[in-house]
Amino acid sequence: MTQISSDDIQQITVDAGALVLENGGETYRSEDTVVHTAQSLGAKTPSSFVTPTVVMVSFRDDEGKHHSYFRRIYRRGINLRKLVMINNLSRALERRGRISDPSLIEHRIVRINNTPDYPDAVVVTAAAFNSFFFTLLFGGSFPDALFSLGIGCILRIILLLLDKSTLNSFFISLLSGSVISILADCIGLTALPVNTSVIMTGALMQVVPGIALVNSIRDIIAGDFMAGSSRLMDVLMTALGLSVGSAAGVLLTGAIRGIL
């Protein structure tokens, strides 16, 4: 069997673990993926340490030498399609055992990483209907839901435009809350019988970090207290940004209304 170089093992395993983190996976899932991939490539006693911003792997080679490698994670999002694909690859490697050709895994990882995202039109439409149905769920009327659909559509377009920006998640949350509250209050200025509070709540639901909250709890239950606490703090900061942004938008429109 051809011996796979330690550099290849390090690169491929960290690539696999990073894919899990960057697409919304839990910390323990990323660690399992790293370990399964390393074992399939012939690494001895592989172990992994993962936080929401770092993926690290450590193992011994056939000569007993220790190797460690880590990568800093800067981009985190949610792509369940890629997450399912990398999870299936990890499980397949666990069942198959050691392989002799690392390019098989490397090509699969590259293909998963290059899987195209959903078209922007699909993302905007899904976000708009998310706001629409949440507004109905919270007791809003059909006109409330229609206005929430429009606000959700506008908000998602803005977020897509900001996707490549250097703004961190807290300021994006501030902006999201402000946009939603300002647009909802502007609708409230009309003579239409609408409930701006329900419209605002329904539109906000698409940016509430629900998956991050669930992942933080699952990490804590799995014993990854550091990663779980970090994720939970990120969730709280996002929620704070949405709350402050919403309050700022309400105060701004109130002040403008008072002047007019």
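The values are calculated or read from the model by the stated rules, or taken from the named source; none is laboratory data. What you see is a predicted model; the values in this text were computed from it and never measured. Here Cβ is always computed from backbone atoms with ideal geometry, including for glycine, and neighbour counts include all displayed protein chains. The accessibility values were calculated without ligands, DNA or RNA, using every heavy atom of the protein model including side chains. Shrake-Rupley method; radii C 1.70, N 1.55, O 1.52, S 1.80 Å.
Observations on the structure shown:
- All of (1) under 22 Å from V198 (Cα atoms); (2) at pLDDT 90 or above hold for V122 with one exception: (1).
- Any hit, the stretch 133-155, residues being assigned to a helix (DSSP H, G or I), touching a residue at least 60 places away in the same chain (Cβ under 8 Å) and surrounded by 19 or more Cβ atoms within 10 Å (Cβ to Cβ): yes
- Residues that are open to solvent by 30 Å² or more (accessible area, probe 1.4 Å) and either in contact with a Ser or Thr (Cβ under 7 Å, 6 or more places away or on another chain) or outside the structural domain of V34 (by TED's automatic domain parsing) (or both), drawn from the stretch 86-104: R96, R98, S100
- Complete set of residues in the stretch 183-197 that are part of a helix (DSSP H, G or I) and either open to solvent by 50 Å² or more (accessible area, probe 1.4 Å) or in contact (Cβ under 8 Å) with a residue 12 or more places away in the chain (or both): L183, A184, D185, C186, I187, T196, S197
- Residue match in the stretch 156-165 (condition: open to solvent by 70 Å² or more (accessible area, probe 1.4 Å), outside any helix (DSSP H, G or I) and either under 17 Å from V124 (Cα atoms) or not aliphatic (A, V, I, L, M) (or both)): yes
- Residue list for the stretch 23-52, filter: surrounded by fewer than 24 Cβ atoms within 10 Å (Cβ to Cβ), assigned to a helix (DSSP H, G or I) and over 19 Å from the mean Cα position of the chain (by Cα): V35, H36, Q39
- Boolean, V14 is under 28 Å from the mean Cα position of the chain (by Cα) and either among the small types (G, A, S) or open to solvent by 10 Å² or more (accessible area, probe 1.4 Å) (or both): no
- Within the stretch 70-97, the set of residues being outside any helix (DSSP H, G or I) and within 20 Å of I112 (Cβ to Cβ) comprises R71, I73, Y74, R75, R76, G77, I78, N79.
- Only one entry in S229, S216 is on the phi < 0 side of the Ramachandran plot, surrounded by fewer than 20 Cβ atoms within 10 Å (Cβ to Cβ) and either of a type in the set (K, R) or assigned to a helix (DSSP H, G or I) (or both), namely S229.
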